[in-house]
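What follows is calculated from the coordinates using simple rules that are stated; it is not laboratory data. Small disclaimer: the values here were computed from a predicted structure and weren't measured. Here the Cβ is made from the backbone with ideal geometry for all residues, glycine too, and neighbour counts use every protein chain on show.
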Amino acid sequence: MKKLKLALAYFLLPAAGIAISFESYAVSCGDTITSQETLTQDLVCATNPALTITGPLGGLDMDGFTVTCSASTDDGILLNGLSASLTSGVIDNCNNSIMLQDDGSHYVTSVDIDDPDGVGVLISSDSNFVTGIQIQSDGVTSRNGIETEDPANYNQIIGNTIDSTGGDGIYLEG
């Protein structure tokens, strides 16, 4: 009788709208993210780049957590493929903190970048949307806050705050 009750509970819980998950995926340094994931803890990474997000299905909600590069020569988060996304967190002490490459159409919003040694957001692809980025630097070691490399066309860079970079706030090449 006990086995029957357990079996009924196993089948009735999902029918009642209660989700049961037997697998969880923890984001770790060096991961390539190919589905929608949520960061559940701060990361201190010695990998280069710290994380890679690959579209079209890859996305990371940092959920307010921080990704820190353990060496300022290491890059932060790379978005590649088509239409990868990154939201809501902090990237600290990375060379190039966020890099948008490949096919483009990436979406980056509500990310704070602290002390980049290179470029805060480096864009080398087309049709990206970058908004709500806060870049704070010591003004000595960093280059540009947001930089596009030629060719990088049709990018939307809207509503960002850049303070104390060693170069330009926004540098558009091409």
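Which distance in nm do the two modelled labels at L172 and S35 give, with both placed 7 Å along the Cα-to-Cβ direction?
With each label placed 7 Å out from Cα toward Cβ, I get 4.0 nm.
For a quick check: with amide H placed at 1.01 Å from N, whose amide H comes under 5 Å from T68's, ignoring anything fewer than 5 positions away on the same chain?
When sequence neighbours closer than 5 places are left aside, the close amide H contacts are L43, V44, C45, D92.
Assuming 0.36 nm per residue, please report the length gained on full extension of the stretch S110 to F129 beyond their Cα-Cα distance.
Values: separation 19, 0.36 × 19 = 6.84 nm, distance 1.16 nm.
Length gained between S110 and F129: 5.7 nm.
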